[in-house]
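Worksheet for the structure shown next.
No lab work stands behind these numbers, since they all come straight from the coordinates. Keep in mind it's a predicted model, so treat the numbers as computed, not measured. Note: ideal-geometry Cβ built from the backbone for every residue, glycine included; neighbour counts use all protein chains shown.
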Amino acid sequence: MYTMNMKDNQDELFPIVDEDGNVIGSATRGECHSGSKLLHPVVHLHVFNSSRDLYLQKRPEWKDIQPGKWDTAVGGHIDYGEMPEDALRREVREELGITGFTPEFVTKYVFESSRERELVYVHRCVYDGPIQPSASELDGGRFWTLQEIHEAMGKGILTPNFESEFKRCFDKDGRCRQGKRYHGHSQT
């Protein structure tokens, strides 16, 4: 839902990290997203269902990065003083209303765009339970088939970060490039 008065808190404090994830300072959201390229950590969760469809969120129009595009199911900044695992659980609860899930770590990498640099902690899970996207943080979401995702690539529908990460982490059949498959026990 598009809301004119909503926007990201530009004064929110983020940790600044080295490429190993060690905290070396702090900066505001505004400073991190201004083109300064200050490396700050984020968590991502790819939520598959047992049919190997992948849940994507729709970014609200008021977001300062990639408004209105489809993106990784959960993505959020790690707060200053917060551990990545705690940030992941907080973001999943806030964005999708999910608490009963088992995340698996996939990889960690540096993503760079024209406006920012992020140290991305990528996780995945298989989940068949209820999803309640936050009306205040998202413009909804849905499960996409892998074919739909491949057809949307490069057309400005998906965020460049999602496209890059999906290609980095998964093969065309949704299998993890690190050799793990994206199916298993459903979480309810």
- On Cα atoms only, tilt of 84-96 relative to the major axis of the chain in degrees: 70 degrees
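What does the convex hull of the Cα atoms of the chain come to per residue, in Å³, rounded to a whole number?
107 Å³
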- Task: Using Cα centres only, tell me the gap between the range 34-66 and the range 80-94 in whole Å.
- Result: 14 Å
- Item | Phe170 long-range amide H proximity, modeled H, under 5 Å | Arg177
- Task: Kindly write out, for the range 53-62 in residue order, the coupling ³J(HN,Hα) from the Karplus curve 6.51 cos²θ - 1.76 cosθ + 1.60 (θ = phi - 60°), rounded to whole Hz, with x marking Gly and Pro.
- Result: 7, 10, 7, 10, 9, 9, 6, x, 5, 7
- Task: For Arg117, list long-range residues whose amide hydrogen, built 1.01 Å from N in the peptide plane, is under 5 Å from its own amide hydrogen.
- Result: Lys37, Leu38, His40
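If Lys and Arg each add +1 and Asp and Glu each add -1, what is the summed charge of the other residues whose beta carbon sits under 13 Å from the beta carbon of Gln57?
With Lys, Arg at +1 and Asp, Glu at -1, the net is -1.
Using Cα pairs under 8 angstrom and six or more residues apart, how large is the relative contact order of the chain, in percent? Before the final figure, lay out each step's value.
Working: 396 pairs, mean separation 47.8, N = 188.
25 percent.
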- Query: What residue among Asn49, Asn22, Asn161 shows peak mean-square fluctuation when the chain is described by a Gaussian network model with Cα springs under 10 Å?
  - Reply: Asn22
- Note on the structure: Quarter of the surface of the C-alpha convex hull for the range 6-74, i.e. direction-averaged projected area in nm², equals 5.8 nm²
- Message: Skipping prolines and chain starts, which residues have an amide H placed within reach, meaning under 5 Å, of the one on Trp144, given they are 5 or more residues away or on another chain?
- Response: Leu54, Tyr55, Leu56
- Note on the structure: Note on the range 13-169, DSSP bridge orientation, antiparallel percent to nearest 5 equals 70 percent
